Structure formats: structure tokens, C-alpha cells
Amino acid sequence: MWQMPLRRELISEPTTMEMIRQFNKLKPPKFERGTDPMVYEEWLRRAKKLFEIMECPERFKVHLAAYQFEKEVEFWWGTVKPKVGEPVLT
């Protein structure tokens with residue numbers, strides 16, 4: 001069966017808010033302590049799995065991951081995150 005090809009302008013890039021909503025529906029893990037490398041590795045593995053499931057564009061991953069930071073990790077992120085005009089960390 002013949003299908004009309006999709007026009008490029010009809011396929012819009014998702015917004016940050018749409019990606020946050022989609023990410024939150026998957027119940028992502030929070031990350032609040034950075035002293036135990038095994039806790040971090042487990043959190044990172046779970047976050048990457050969710051990014052894969054939702055086919056998350058690369059440009060959203062840092063923002064979505066940082067959205068899950070709490071307590072000490074959120075404070076730490078505030079000291080190291082890129083400022084306006086600086087390159088984005090990956």
C-alpha cells in the first residue's frame with residue numbers, strides 16, 4: 001500500500017517541557033548523593049535506559065538528568081553547570 005511521504009516541516013522537534021513530561025511518565029530515579037560510585041553507576045545505567053526507551057535526542061539528556069538531581073548533587077551541579085555562552089557538558 002502506498003503512503004504519502006511525511007513532509008519535513010510536519011515533523012517538529014520536541015520542546016524541553018514535552019521531553020520532561022515524557023521522561024517523568026517513566027518515573028526516572030532521583031540522584032541525591034555522589035560519594036558512592038556504585039550508586040552513581042546504577043543511577044546512570046537506569047537513566048540511560050530511559051533515554052533509550054524514549055528515543056531522547058542528545059541535546060535533552062543533560063537537562064533531563066540534571067532535573068533529577070537533589071540535595072548535595074543539585075548543589076554540586078549549580079557550581080559546575082555551564083553558564084550562558086560556555087560549552088555544554090556531556
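Readers should treat all values here as calculations from the given coordinates under stated rules, not as data from a laboratory. Everything numeric in this text was worked out from a predicted model, so none of it was measured. As a convention, Cβ positions derive from the backbone with ideal geometry for all residues, glycine included, and neighbour counts pool all protein chains shown.
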Near pairs, Cβ below 9 angstrom, 6+ apart or cross-chain, from the range 67-78 (in contact (Cβ under 8 Å) with a residue 40 or more places away in the chain) to any residue that is part of a helix (DSSP H, G or I) and of a type in the set (S, T, N, Q)
67/24
Considering only residues that are touching a Leu at 6+ places or on another chain (Cβ under 6 Å) and either surrounded by fewer than 10 Cβ atoms within 10 Å (Cβ to Cβ) or touching a residue at least 40 places away in the same chain (Cβ under 8 Å) (or both), which ones fall in the range 24-38?
28
Restricting the first residue to the range 39-62 and requiring it to be in contact (Cβ under 8 Å) with a residue 40 or more places away in the chain, which pairs with a second residue that is assigned to a helix (DSSP H, G or I) and hydrophobic (A, V, I, L, M, F, W, C) meet a Cβ separation below 6 Å and a spacing of at least six or different chains?
60/19
